[in-house]
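Comments concern the structure below.
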Amino acid sequence: MQTIRSQFPLLDQSIHGKPLIYLDSAATSQKPQIVIDAEKSFYETINAGAHRSSHELASRATVIFERARAQVAHLVGAHTEPGKEEIIFTAGATASFNLLANSFYNASTPWHHSARFALHAGDEIVVSRAEHHSVLLPFQELCYKTGATLRWLDVDRYGSIQSETADAVITPKTRIVAITGLSNVTGALTHLEPIIQRAHDVGALVVLDACQLIPHRRVNVHQLDVDFMCWSAHKAYGPSGVGFLYGKRDLLNELPPSQFGGSMVEAAWLDKPAEYAEPPYRFEAGTQPLAQVASAGIAAEWYEKYMTPDAITHEHVLTTQLLAIADISGVKILGRSDDQDRVGTVSFEIEGVHPHDVSQFLDSYGIEIRSGHHCAQPIHRFFHEYASNRVSLGIYNTEDEVKQCIDAIAHVRPYFLGVH
Amino acid sequence: MDFSFGFDDADDTSMSMQDMYQEFILETSRFPHGFVSQLDVSEGALVGKRNVSHCFVGQSHQFNVTCGDEVTVEVSLDPDTHTIQSLEWSGNGCAISIASLSVLHDLVVGKTLSEFLELYTVFHQLMDSRGCGLSEEQMNKLDDASVFQGVSQFPMRIKCALLGWESVKDALNHAE
Ligand SMILES: Cc1ncc(COP(=O)(O)O)c(C=O)c1O
């Protein structure tokens, strides 16, 4: 454990004179030294126009860029052989979802028409009530633009997605199912198998939001059999500014481009349409965030090494410990208060105290947690809350940190309400 | 590693949560003045018209997207003397925004529109003071609202203290 924690320089500092306790990893994780060094070293030694210029430096930058693609592919079990690549670099998960939704939209126009992806009035897209806005909104927009209808899987009283309703909600009209593997609010793991199974039975494509899943569980895309998967590097100990889109290779081969510009085209003319490049390049228009991609590759490798069964057990122990906040008077957890099918992302409400005040109070102890709606308003509305407090664990947190957090939470109501 | 973004926690000791959450603020937030659980919708329909005591009624609904603070303020303004006859509000928010609304209620009822606007400007100056406060004369003018001095050290919270002020100003605009 210590060998992991000591790799994170940021954690070794004080906030308001107190040792920093970082419990907001679901918003963004901290970075191990090697990830920071990789980005710096790229700028200091390699930086050049990858896939563009032909000098030695650019060729090194290209090697590193493609090595990062292989490192990320390895983490999730995607293909990486030249000509079979299945990982596309984006600016982040949000950009990945928008890329996909745009490509589906382009496939629905006569210009880029592709029957595999084209949407029409009468088609349906299924999401869930627990989705992050970055899943909900691109697919809702796609519905508005194509005349398709948005449907959603509902949640049970804990706010967990009801996978057992998949057969009813996902029908032969369903073309796309876009769903999270792990809720950023309730911390609930989705039972994906019945959803993926049903989607494929009716011929729908599955888009998995793995933003929160990847930082807590090992994922193998081929075993899971998802068609597309989106996630961000920054929540899984990697740099900001980079995200990923995994797509099954045969689907990527057919998917029209989303953004247009340099490096995504084989041949461009003034007087006739362009011939676009093969994947993954067709989806990587413009100069890429090279240093960040290089460091994202190192982060994937780092994560693969340290994300062991022991690390998962450690988080589980801390999660169980953290869930004791449910016993504090006035505290209500949004989600399951037992450790079943969940990770250490715990949102809660403290009766009578606004989340803004809660996080400010904890901040004065050096404890950094999130308050707000966590970009997931529909699920908050389900809980009849506008906003909540959220503690989220990372691979580096300790039992002592969780204990201090619980102690501080127990002081919130006495402080603000004068009650005990 | 010579470069630094210039934050040093050692310089930070002056910034204390207790400065912001003054006992007066906490107590006021528990039992705020002027609060009504729901504003009468039919009264809302009077907006821009005269109420029974011939005052003009104005309402304003303000919403803070980041934290979800939501407040509806209703004021009535005497058309002859331009004094604020009443101020009621409903909604929910953090301790700072609630206490600020309560203090506003006590401070501005009975004041004229131009007196309010002057206080509004002074309160904004207080929020811009980075914890330093204003001259004694100006602090006296603000009366109880001067207890929000500590909030001005917390840039993320200034808008909580201002929520009520913006709402009242907007509601008065509608009452004019
Ligand atoms: C569940 C979930 N999906 C999607 C996103 C979007 O990720 P990003 O903001 O990195 O694009 C986030 C985080 O913000 C998330 O928690």
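The values are calculated or read from the model by the stated rules, or taken from the named source; none is laboratory data. Note that the structure is a prediction, hence the values are computed from the model and not measured. Glycine gets a Cβ as well: all are built from the backbone with ideal geometry, and neighbour counts include every protein chain shown.
Yes/no per residue for (1) of a type in the set (Ser, Thr, Tyr); (2) crowded, with 23+ Cβ neighbours inside 10 Å; (3) over 29 Å from A:Ala236 (Cβ atoms); (4) at pLDDT below 95:
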position: A:Gly122; (1), (2), (3), (4): no, no, yes, no
position: A:Glu141; (1), (2), (3), (4): no, no, no, no
position: A:Ile161; (1), (2), (3), (4): no, yes, no, no
position: A:Val185; (1), (2), (3), (4): no, yes, no, no
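Anything in the range B:85-100 that is of a type in the set (A, V, I, L, M, F, W, C) and more than 14 Å from chain A (Cβ to nearest Cβ)? List them, or say none.
Across the range B:85-100, the qualifying residues are B:Leu87, B:Trp89.
I need a count of the residues in the range A:229-251 that are more than 11 Å from the ligand (Cβ to nearest atom) and surrounded by fewer than 24 Cβ atoms within 10 Å (Cβ to Cβ).
Qualifying residue count, the range A:229-251: 5.
Which is part of a helix (DSSP H, G or I), more than 11 Å from the ligand (Cβ to nearest atom) and touching a residue at least 12 places away in the same chain (Cβ under 8 Å), of A:Thr171, A:Thr165?
Among A:Thr171, A:Thr165, only A:Thr165 is part of a helix (DSSP H, G or I), more than 11 Å from the ligand (Cβ to nearest atom) and touching a residue at least 12 places away in the same chain (Cβ under 8 Å).
So for the range A:305-315 (the condition being touching a residue at least 24 places away in the same chain (Cβ under 8 Å), among the aromatic types (Phe, Trp, Tyr) and more than 16 Å from the ligand (Cβ to nearest atom)), does at least one residue qualify?
The answer is yes, given that some residue of the range A:305-315 is touching a residue at least 24 places away in the same chain (Cβ under 8 Å), among the aromatic types (Phe, Trp, Tyr) and more than 16 Å from the ligand (Cβ to nearest atom).
With the requirement that a residue be away from the ligand (no atom under 15 Å from the Cβ) and within 12 Å of chain B (Cβ to nearest Cβ), what does the range A:372-383 give you?
Within the range A:372-383, just A:Arg381 meets the criteria.
Are any residues in the range A:362-371 closer than 19 Å to A:His216 by Cα and either within 12 Å of chain B (Cβ to nearest Cβ) or assigned to a strand (DSSP E or B) (or both), and if so, which ones?
A:Arg370
How many of the residues in the range A:147-159 are more than 28 Å from A:Ala27 (Cβ to Cβ) and surrounded by 20 or more Cβ atoms within 10 Å (Cβ to Cβ)?
Final tally of qualifying residues: 1.
Only one residue in B:Met156, B:Met139 is without any contact (Cβ under 8 Å) to a residue 40 or more places away in the chain and either within 14 Å of chain A (Cβ to nearest Cβ) or surrounded by 21 or more Cβ atoms within 10 Å (Cβ to Cβ) (or both), so which one is that?
Exactly one of B:Met156, B:Met139 is without any contact (Cβ under 8 Å) to a residue 40 or more places away in the chain and either within 14 Å of chain A (Cβ to nearest Cβ) or surrounded by 21 or more Cβ atoms within 10 Å (Cβ to Cβ) (or both), namely B:Met156.
Do the conditions hold for A:Asp24, that is, is it among the charged types (D, E, K, R), within 16 Å of the ligand (Cβ to nearest atom) and either within 14 Å of chain B (Cβ to nearest Cβ) or in contact with a strand residue (DSSP E or B) (Cβ under 6 Å, 6 or more places away or on another chain) (or both)?
yes
Can you name every residue in the range A:79-106 that is within 21 Å of the chain's Cα centre (by Cα) and on the phi > 0 side of the Ramachandran plot?
The one that is within 21 Å of the chain's Cα centre (by Cα) and on the phi > 0 side of the Ramachandran plot: A:Gly92.
Please verify whether the range A:198-208 includes one or more residues that are in the same structural domain as A:His234 (by TED's automatic domain parsing), within 15 Å of the ligand (Cβ to nearest atom) and buried (at least 22 other Cβ atoms within 10 Å of the Cβ).
Scanning the range A:198-208 turns up at least one residue that is in the same structural domain as A:His234 (by TED's automatic domain parsing), within 15 Å of the ligand (Cβ to nearest atom) and buried (at least 22 other Cβ atoms within 10 Å of the Cβ).
For the range A:66-106: of the residues being within 16 Å of the ligand (Cβ to nearest atom), over 14 Å from A:Phe228 (Cβ atoms) and not aromatic (Phe, Trp, Tyr), which is surrounded by the most Cβ atoms within 10 Å (Cβ to Cβ)?
For the range A:66-106, the residue satisfying everything is A:Val72.
For A:Phe260, only one of the following conditions fails: (1) part of a loop (DSSP other than H, G, I, E, B); (2) among the aromatic types (Phe, Trp, Tyr); (3) within 30 Å of A:Arg5 (Cα to Cα). What is its number?
Looking at each condition in turn, A:Phe260 falls short on (3).
Is one or more of the residues making up the range A:12-19 under 21 Å from A:Gly243 (Cα atoms), within 14 Å of chain B (Cβ to nearest Cβ) and not in a helix (DSSP H, G or I)?
Looking for residues that are under 21 Å from A:Gly243 (Cα atoms), within 14 Å of chain B (Cβ to nearest Cβ) and not in a helix (DSSP H, G or I), one finds none in the range A:12-19, hence no.
Taking only pairs six or more apart or across chains, which ones have beta-carbon atoms under 7 Å, a first residue in the range A:122-136 that is closer than 16 Å to A:Thr174 by Cα, and a second residue that is at pLDDT 95 or above and within 8 Å of the ligand (Cβ to nearest atom)?
Pairs that qualify, where the first residue is closer than 16 Å to A:Thr174 by Cα and the partner is at pLDDT 95 or above and within 8 Å of the ligand (Cβ to nearest atom), are A:Val127/A:Val135; A:Ser128/A:Thr180.
Filter the range A:402-420 down to the residues that are crowded, with 21+ Cβ neighbours inside 10 Å and more than 14 Å from every other protein chain (Cβ to nearest Cβ), then identify the one that is nearest to A:His314 (Cα to Cα).
In this case the residue turns out to be A:Val402.
Mind telling me which of the residues B:Val108, B:Val103, B:Val147, B:Val122 ends up being away from chain A (no Cβ under 14 Å) and under 20 Å from A:Ser364 (Cα atoms)?
When all the criteria are applied, what remains is B:Val147.
Which of the residues belonging to the range B:10-42 are loosely packed, with under 15 Cβ neighbours inside 10 Å and modelled with pLDDT under 90?
B:Ala10, B:Asp11, B:Asp12, B:Thr13, B:Ser14, B:Gln18, B:Ser37, B:Gln38, B:Asp40, B:Val41, B:Ser42
Since A:Val293 meets every condition but one in (1) part of a helix (DSSP H, G or I); (2) more than 14 Å from chain B (Cβ to nearest Cβ); (3) over 27 Å from A:Val135 (Cα atoms), which condition does it not meet?
(3)
Scan A:Ala387, A:Ala326 and give me the residue that is farther than 25 Å from A:His16 by Cβ and either crowded, with 18+ Cβ neighbours inside 10 Å or not aromatic (Phe, Trp, Tyr) (or both).
When all the criteria are applied, what remains is A:Ala326.
What residue, of A:Val63, A:Val135, A:Val127, is in a helix (DSSP H, G or I), within 16 Å of the ligand (Cβ to nearest atom) and either buried (at least 17 other Cβ atoms within 10 Å of the Cβ) or not acidic (Asp, Glu) (or both)?
The match here is A:Val135.
Taking the range A:362-420 as the search range and keeping residues that are of a type in the set (D, E, K, R) and more than 24 Å from B:Gln18 (Cα to Cα), which one is modelled with the lowest pLDDT?
Step by step, filter the range A:362-420, then rank; the result is A:Glu385.
For residues in the range A:375-384 being surrounded by fewer than 23 Cβ atoms within 10 Å (Cβ to Cβ) and assigned to a loop (DSSP other than H, G, I, E, B), which is farthest from the chain's Cα centre (by Cα)?
Here the answer is A:His384.
Among residues belonging to the range A:325-361 that are away from chain B (no Cβ under 12 Å) and in a helix (DSSP H, G or I), point out the one that is nearest to B:Asp19 (Cα to Cα).
The qualifying residue nearest to B:Asp19 (Cα to Cα) is A:Ile325.
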